[in-house]
Amino acid sequence: MKRNRLLHDESDEDNPLAMLTNLFDVAMVFAVALMVAIVVHFNMSEIFSKEDFTMVKNPGTDQMEIITKEGNKINKYTPSENDSHSACSKGRRVGSAYQLENGEIIYIPE
């Protein structure tokens with residue numbers, strides 16, 4: 001009888017928390033799949049590469065952000081008018097640059 005009891009342990013059937021562990025596993029798989037889908041959808045796979053890059057979000061608007069990756073460090077820069085008067089290393093717009101069809105770049109100061 002003892003041997004039969006060890007092979008057919010009924011304690012798992014009586015444990016109401018056993019189902020929660022399965023739900024946690026399903027939630028973790030769903031979360032990882034959702035993160036992969038977001039990275040693929042927004043074409044942000046460059047973040048996981050070893051190459052350095054610069055990305056500009058919302059170019060030409062007030063909400064423009066410049067994101068750079070140098071090695072393992074990711075920097076985010078948001079230009080604003082309030083920061084131009086402080087002594088930090090942030091800059092301000094001083095002109096426009098245009099590249100012609102032949103590759104020549106023309107700078108026009110404001």
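The values are calculated or read from the model by the stated rules, or taken from the named source; none is laboratory data. None of these values were measured; they are calculated from a predicted model. Cβ sites come from the backbone with ideal geometry, for glycine too, and all protein chains shown count toward neighbours. Surface areas here come from the heavy atoms of the whole protein model, side chains and all, with no ligands, DNA or RNA. Shrake-Rupley method; radii C 1.70, N 1.55, O 1.52, S 1.80 Å.
Couple of notes before you dig in:
- Qualifying positions in the stretch 14-63 - open to solvent by less than 70 Å² (accessible area, probe 1.4 Å), assigned to a helix (DSSP H, G or I) and in contact with a strand residue (DSSP E or B) (Cβ under 7 Å, 6 or more places away or on another chain): Ile47
- Taken over the stretch 64-76, the criterion of being open to solvent by less than 70 Å² (accessible area, probe 1.4 Å) and closer than 23 Å to Arg92 by Cβ is satisfied by Met64, Glu65, Ile66, Ile67, Thr68, Asn75.
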